[in-house]
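Where a number appears in this text, it was derived from the coordinates with a stated rule and is not lab data. Quick caveat, the model's predicted, so the values are computed rather than measured. Heads up, the Cβs are rebuilt from the backbone with ideal geometry, glycines too, and the neighbour counts pull from every protein chain shown.
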Amino acid sequence: MSKQLIDAEMFRNMIKMGSHRLNKNVDFINSLNVFPVPDGDTGTNMNLTFQSGAKFVNESDSMSVGDLAVLFSKGLLMGARGNSGVISSQIFRGFQKSISKKETLDAKQFAAALQQGVESAYKAVMKPVEGTILTVAKYAAHAALEKSSQSDDLAEVMEEVVKGAKEGLKLTPELLPILKEVGVVDSGGQGLVFLYEGFLNAIKGEGSDDTYTPSDEQMNEMVNAAHHQSVQSQLATNDIEYGYCTEMMITLNQEKDFDLNTFRSYLDQLGNSLLAVSDDEVAKVHIHTESPEKVFRYGAQFGQLEKIKIDNMRLQHETIIEDDENSAKNDKITTEIIAVAQGKGLIELMRSLGATRVITGGQTMNPSTEDFLKILKRTKAKNAIILPNNGNVLMTAQAAANAVSLPVEVISTKSIQQGISALFAYGEENSLAENAEMMREGITMVKSGEVTNAVRDTKINGLAIKKGDFMGIVDGEIVTTAENRIQAAIKLIDQMLEEDSEIVSIFYGIDAAKREAVKIESEIQNKYPDLELEIHAGDQAVYPYLISVE
């Protein structure tokens with residue numbers, strides 16, 4: 001039967017099926033990361049972004065598609081993580097603006113909304129790059145407009161949307177040379193294809209939209225007691241071993257075998273403070289973990305994820321401590337300096353250099369827009385500065401800054417090393433504009449290097465890289481490889497040094513050791529006796545060594 005209108009029920013199911021299909025393919029999307037490093041997180045970021053949007057829709061009983069689209073857009077923005085998540089939120093921000101007053105949608109209105117979403121996303125990105133999710137969205141919208149001029153059948157239009165998206169995705173390696181060199185398509189674009197495929201499944205009735213929502217009272221009481229007891233009992237923020245309070249509700253697939261004891265046993269390995277209950281139709285989970293994405297992926301094996309929630313407990317705990325112990329000091333802060341960092345040593349260093357708040361995050365767990373907004377909306381400072389310290393957090397920080405009336409400057413720090421350099425340039429006596437100018441100038445004075453291991457074989461920048469090799473990366477470009485991390489670090493520093501280089505700082509992570517860093521320091525000092533070298537315990541994950549050269 002031909003479907004000619006999207007009503008509230010169908011729209012809900014489109015969001016549910018799209019988010020579900022995206023969730024099922026997180027690992028594949030992550031595997032499309034251009035660099036063979038162990039931090040490919042586009043799939044994780046898009047999944048968490050869309051699950052946040054779906055949560056806002058699920059909690060509404062509105063029967064207006066326009067109302068639901070507005071809620072979906074808001075949920076996406078609040079949950080947006082990484083560049084892919086922020087751009088996705090902008091696509092559906094434009095989408096909802098086109099239809100916010102409509103009770104239902106016909107094919108032409110749906111196509112026009114997709115097109116407005118594309119236009120909104122292109123405007124939101126300062127320097128739009130073809131060969132990315134933007135290209136995929138553009139091709140999909142063009143296909144929708146063309147087909148809707150010929151047919152009012154929504155299934156036919158959505159089929160063309162998917163075809164158009166796939167056509168755009170296929171072109172991404174031709175438009176972005178680095179994708180072609182490595183032999184992958186754009187990961188964010190692939191995520192959007194999966195989402196649109198889920199929309200198509202819903203329109204064609206190929207997925208169930210039946211949901212069952214039991215009373216939350218008993219589960220919520222247990223969750224709140226366990227969560228708050230765990231958060232409040234920590235002596236210090238850095239003592240929190242599992243930093244993300246994670247909750248989900250699963251509508252169980254009746255064709256899947258589900259054993260609660262087996263389910264609990266697996267989840268128990270991922271964290272602590274686990275609570276899991278179920279009946280014949282629904283399972284509900286609360287857990288404190290470092291890997292929310294693993295919890296969600298496991299839960300999705302047994303049915304549809306209906307409600308999800310992630311709270312950054314380290315941020316919560318920092319807020320509690322600051323409220324209880326430093327309220328007088330915080331009242332006197334003129335500028336709130338928010339930095340993003342991961343690792344006890346790096347967090348302490350950021351604070352010692354003047355960061356008033358540090359959001360725990362970075363590689364593999366990008367903070368959301370809401371993480372920044374919680375601080376910006378409650379600060380008593382007159383203005384704020386944000387140091388994202390990661391290229392994939394930059395757009396999220398900017399989205400948060402744009403959502404508040406408080407004057408906020410986002411400094412485009414793409415690494416911890418740049419963040420440190422920016423903090424050195426800050427002066428309390430300067431105005432916000434003066435500090436922003438000085439900090440932006442400061443980040444141009446430092447080179448950022450990273451050492452990490454390859455998770456797959458690849459060839460890039462003329463280098464043949466084998467799985468397990470250690471790579472040296474300078475400002476986002478792989479420049480050297482070695483069989484062990486010490487040699488990789490030494491070769492990396494050799495390549496980073498210039499004639500006027502004066503200071504080399506080595507930050508060793510949780511997978512390295514000070515004695516190794518001392519060996520690196522000694523060899524570099526012997527080769528370059530005029531250099532000043534510093535060693536710091538960064539305690540960061542993913543990268544055994546972070547190196548800055550000034």
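Taking the alpha-carbon distance from Lys102 and a cut-off under 16 Å, which lysines remain once sequence neighbours fewer than 8 residues away in the same chain are dropped?
none
In Å and whole numbers, how far do the C-alpha atoms of the chain stretch along each principal axis, longest first?
Taking max minus min along each principal axis of the Cα atoms, the chain gives 79, 54, 50 Å.
With each run of n ≥ 4 DSSP H residues scored as -39500 (n - 2.57), what mean residue ellipticity at 222 nm is computed for the chain after dividing by its residue count and rounding to the nearest 500 deg cm²/dmol?
Here the helix-only value at 222 nm equals -16000 deg cm²/dmol.
Please report, for the Cα atoms of the stretch 447-549, the Rg to one decimal and the Dmax as a whole number; what are they, in angstrom?
Spelled out, the Cα radius of gyration and Dmax of the stretch 447-549 are 12.9, 38 Å.
Which Rg and Dmax, in Å, describe the Cα atoms of the stretch 1-101?
Radius of gyration, then largest Cα-Cα span, for the stretch 1-101: 14.5, 48 Å.
Normalise the Cα radius of gyration of the stretch 8-203 by 2.2 N^0.38 Å (N = residues in it) and let me know the number.
Normalised by 2.2 N^0.38 Å, the Cα Rg of the stretch 8-203 equals 0.95.
Excluding same-chain residues fewer than 8 positions from Lys74, which aspartates and glutamates have a Cα within less than 12 Å of its Cα?
Glu370
In whole angstrom, and with the biggest value first, how far do the Cα coordinates of the stretch 110-162 range along each principal axis?
36, 17, 12
Would you mind calculating the gained length between Asn261 and Ser352 on full extension (0.36 nm times residue separation, minus the Cα-Cα distance), in nm to one decimal?
28.2 nm
Ranking request for peptides 335-342, 113-120: highest mean number of other beta-carbon atoms within 10 Å first, then the rest in descending order.
335-342, 113-120
Taking 29 Å as the cut-off for C-alpha to C-alpha distance, list the pairs among Lys294/Lys466; Lys147/Lys256; Lys24/Lys514; Lys380/Lys514; Lys16/Lys374; Lys108/Lys377 that go past it.
From Lys294/Lys466; Lys147/Lys256; Lys24/Lys514; Lys380/Lys514; Lys16/Lys374; Lys108/Lys377, over 29 Å: Lys147/Lys256; Lys24/Lys514; Lys380/Lys514; Lys108/Lys377.
Over the alpha-carbon set of the stretch 326-445, divide Rg by the Kirkwood Rh and report the Rg/Rh ratio to two decimals.
With Rg and the Kirkwood Rh in hand, the quotient comes to 0.92.
Please list, or write none, the lysines whose alpha carbon is within less than 18 Å of the alpha carbon of Lys170, excluding same-chain residues fewer than 8 places away.
Lys138, Lys180
For the stretch 67-167, count all C-alpha to C-alpha pairs, find those more than 21 Å apart, and express that count as a whole percent of the total.
When every Cα pair of the stretch 67-167 is considered, 32 percent fall beyond 21 Å.
Mind ranking 187-197, 292-302, 56-66 by how tightly packed they are, going by the mean number of other C-beta atoms within 10 angstrom, highest first?
Packing proxy ranking, top to bottom: 187-197, 292-302, 56-66.
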